[in-house]
Amino acid sequence: MKSHRLITFWRIIHNGIVNFIRNVSLAVAAMAVMVVTLTIVLFSLITNATFANTIAQITNKIDISVFLQDSTTDAQAKQLASRLAARPEIKKVQYLNKQQALQSYIEQNRSNQNLVTAATESGNPIPATILVYPRNLNQIPSIKAFLDQPANHQLQTADSPSYNGDRKQAIDNITHATDVLRKIGVVTVAVFAVICALIIFNTIQMAIFNRRDEITIMRLLGASTSYIRGPFVVESAIYGLLSAIFSILIINSAFLASSGALQASSLGLLDINYANQYFDAHFWKLLVLQIAIGIIIGTVSSVIATRRYLKFKIR
């Protein structure tokens, strides 16, 4: 019984391959749209990963500086730092007393001797500082609200807290671009997936119509519906498999062109170097994902087409 099922399975696979070869001219349109769909899916995944990496890199360089009044004791400062560190939206907190803050200021401005001299010869005007590193820049208002509480605010100087607004703006721009591209990608993929499914649907319908006499004979000989339907499903799965491989090759060629002929390291907000590294590091996972998506689109379309037309149209 098991050997019989295995033989039947291989016959279905063989017939599906034969059908694909026979109908390769019909399959070109379906595969072309599927290649576009899978290429958009792959590009969207790589773009999202690249933007996420860019945001993480910039976020790691941003801190909120909480400047403390000279009247604030070391114990009060450490208590405030401890309460900040306990908040879920804060990744890390670093407390610098006045001497440590001065040393940090000197290190940051070593190239400007006038600033260093002014700081060291005027009795250390640099206040004790708490450096706050947020997990997400969208949570900065929440952190500021905590620092503005009366008990916390009275420990701070008038110009506290402070953070680099340019980097915050860069993060906002990238985050907005990521959200927009993600939405565009989802809509575009959905539209092309529907078009692709309809084309495969019609392709299988035409294949069934072209083979209607052969299918009728198979029915008269007692062939099961699953045995008749199987080759069409395999044929559609081949569409997905080949389309996935073509989409991977297209993206790979695009990266080769950008890093070779164009000598590009970035394309606007998109870090080409990281995107290329991400693609290389996750090549096999992306390929398997592409193949899975392509086969699912193809087989689902084929199953619907054969269930509707094979059962009711062929007698």
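The values are calculated or read from the model by the stated rules, or taken from the named source; none is laboratory data. Just so it is clear, the model here is predicted, and its values are computed rather than measured. Neighbour counts run over all protein chains shown; Cβ positions are idealised from the backbone, glycine included.
Confirm whether LYS92 is touching a residue at least 24 places away in the same chain (Cβ under 8 Å) and surrounded by fewer than 20 Cβ atoms within 10 Å (Cβ to Cβ).
For LYS92, the condition - touching a residue at least 24 places away in the same chain (Cβ under 8 Å) and surrounded by fewer than 20 Cβ atoms within 10 Å (Cβ to Cβ) - is met.
Out of the residues in region 209-234 meeting the condition of being in a helix (DSSP H, G or I) and of a type in the set (Ser, Thr, Tyr), tell me which one is farthest from ASN15 (Cα to Cα).
For region 209-234, the residue satisfying everything is THR216.
Looking only at region 282-289, decide whether some residue is in contact with a Phe, Trp or Tyr (Cβ under 9 Å, 6 or more places away or on another chain), modelled with pLDDT of 80 or more and surrounded by 19 or more Cβ atoms within 10 Å (Cβ to Cβ).
Looking for residues that are in contact with a Phe, Trp or Tyr (Cβ under 9 Å, 6 or more places away or on another chain), modelled with pLDDT of 80 or more and surrounded by 19 or more Cβ atoms within 10 Å (Cβ to Cβ), one finds at least one in region 282-289, hence yes.
With the condition kept exactly as written, say whether any residue in region 150-164 is exposed (fewer than 14 other Cβ atoms within 10 Å of the Cβ), assigned to a loop (DSSP other than H, G, I, E, B) and at pLDDT 80 or above.
Yes, region 150-164 contains a residue that is exposed (fewer than 14 other Cβ atoms within 10 Å of the Cβ), assigned to a loop (DSSP other than H, G, I, E, B) and at pLDDT 80 or above.
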